[in-house]
Amino acid sequence: MTIHLDKKKKGIVYLLRNGDLYKIGTCENLQKELEKLSPDEVIKVFQVNEPKSLIARLYRRYKSERVPDSTYFRLSDDQKQDCIKQLTDKGDLPLTLGEEVDVGFNALLILFLVSFFFFLCIGSPLLLSLSYSIVLASMPMWILAILGNFGGYDLKDLPLFSSWINRSKAFFIAISLNCISFVLYELFKYIDN
């Protein structure tokens, strides 16, 4: 198997087979890793900029098949095919921790639109509908700020403090939205009186 590596990518995530066990791992030097592990088969190699976050998501995805205290898994054929798919650009797992904020932002927009139209439909004034909708829309960011993720990985599988950038972004977005909501609410009270 010939493997072409891109020097621009920071790390490598791989799927190897040794007997009936599959190893999902990461490394910077694939040749040294293969010499050290001597696998029966190299199934898939994928280069990413944040290998630790992808590995953490894969470990979470196949948690029940994991051999305790190891990076080896007992994968079924379907799970193996799914893992191969995840180790491509067409996988459905976010490849970076930063994509977690994007997911939260998309949820925020959807929640805002649905709640805004709901409040308008029940007859709430425009400013009040905006204020309430913005508070509800901030919920995904509060969840991300408190939990550090939306359940895509276990934080113990990531390096210490790696989720703090996401938590900080989400916290400041949530605070900003709540401040905007408060200003709109106060403006509504001022106009209403």
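No value in this document is a laboratory result; all are computed from the given coordinates. The structure presented is a predicted model; accordingly, all values stated were derived computationally and were not measured. Cβ: placed from backbone, ideal geometry, glycine included. Neighbour counts: every protein chain shown.
For the chain, the membrane-span-like helix rule (DSSP H, alpha carbon extent of at least 24 Å along the helix axis, mean Kyte-Doolittle at least 0.0) picks out 98-121, 164-192; this says nothing about an actual membrane.
Working note: Karplus 6.51/-1.76/1.60 with θ = phi - 60° gives the range 10-21 the couplings 7, x, 10, 10, 9, 10, 10, 10, 10, x, 9, 9 Hz, where Gly and Pro are set to x.
Dipole magnitude for the chain: computed about the Cα centre from +1 point charges on Lys and Arg Cβ and -1 point charges on Asp and Glu Cβ, it is near 320 debye. Near ILE43, the amide H atoms lying under 5 Å from its own belong to LEU15, LEU16, ARG17; only residues 5 or more places off or on other chains count, and H is placed 1.01 Å from N. Listed peptides 172-185, 78-91 appear in the order 172-185, 78-91 once ranked by packing, highest mean of other Cβ atoms within 10 Å at the front.
Amide H to amide H distances under 5 Å link LEU95 with no residue, where only residues 5 or more positions off or on other chains count and H is placed in the peptide plane.
When only alpha carbons are used to place a centre, the range 103-117 and the range 82-100 end up 23 Å from one another. Scattering from the chain was approximated by placing one identical point on each alpha carbon and applying the Debye formula without solvent; log10 I(q)/I(0) at 0.13 1/Å stands at -0.76.
Ordering LEU184, SER133, VAL48 by Cα displacement along the dipole of the chain toward the positive end leaves VAL48 in first place; charges were set at the Cβ atoms of Lys, Arg (+1) and Asp, Glu (-1).
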